[in-house]
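Heads up, the thing below is written out as C-alpha cells.
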Amino acid sequence: MASVKMQWRGDVQMGQNCVLYGNKVIEAVRRVADYFAPILETAAKKGAIWVDRTSNARQTLRAWVDELANDTVMLYLSHGMWYGVFLEAKYAGRYAIIWPTLQAHIEPIMQMLKGIFG
C-alpha cells in the first residue's frame, strides 16, 4: 500500500497575514466610525425639536467612538443629561432624537462600509 505525505508551507506567514488583515479591517471600521461621530452629533443637536430652557440637553448630546476589544468598534450617540431618557421615551417618543438620528444615518454608514469591503 502506498503512503501519501503532505507538507504544508507558509502556515506561519498565512497566520500573520490573517492577523494583519484583521487589524486593517478594524482600522477601516474605526475610521468610518470616527468620520460619522461628529456628523451624528451635529445632526442630533440640530434636529432636536424640543424647546431649550437651559440648552443643557442639546449641548450635552455626544457622539464618540470606542474600541471595546481588539475586534469591536462601537459608535455611540447619547444624552449627557439625566432627563435625556424622558426626552427619548416620554410622549410616545415625540421629542426623541437619538434613534431618528441613527436611522437617518445608517444607510450612509453602511454604504461607506460596503465601499470599503465590497
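Before moving on, here are some points about what is shown:
- Among the residues of segment 63-118, those that are more than 19 Å from the chain's Cα centre (by Cα), farther than 14 Å from Ala48 by Cα and part of a helix (DSSP H, G or I) comprise Tyr91, Ala92.
The rows are residues; the columns are (1) closer than 21 Å to Tyr76 by Cα; (2) in contact with a Leu (Cβ under 6 Å, 6 or more places away or on another chain); (3) assigned to a helix (DSSP H, G or I).
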residue	(1), (2), (3)
Lys5	no, no, no
Gly15	no, no, yes
Cys18	no, no, yes
Arg30	yes, no, yes
Tyr35	yes, no, yes
Ala43	yes, no, yes
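- Selected residue [modelled with pLDDT under 95 and among the aromatic types (Phe, Trp, Tyr)] from Trp50, Trp64: Trp50
- Qualifying positions in segment 1-55 - within 16 Å of Ala104 (Cβ to Cβ) and of a type in the set (Lys, Arg): Lys45, Lys46
- Applying the criterion of being under 9 Å from Ala63 (Cβ atoms) and β-branched (Val, Ile, Thr) to the residues of segment 25-50, the residue that is nearest to the chain's Cα centre (by Cα) is Ile39.
- Scanning segment 67-110 for residues that are β-branched (Val, Ile, Thr) and either without any contact (Cβ under 8 Å) to a residue 40 or more places away in the chain or surrounded by fewer than 11 Cβ atoms within 10 Å (Cβ to Cβ) (or both) returns Thr72, Val85, Ile106.
The values are calculated or read from the model by the stated rules, or taken from the named source; none is laboratory data. Quick caveat: nothing in here was measured; it's all calculated off a predicted structure. Neighbour counts are summed over all protein chains in view; Cβ atoms, including those assigned to glycine, are modelled from backbone coordinates with ideal geometry.
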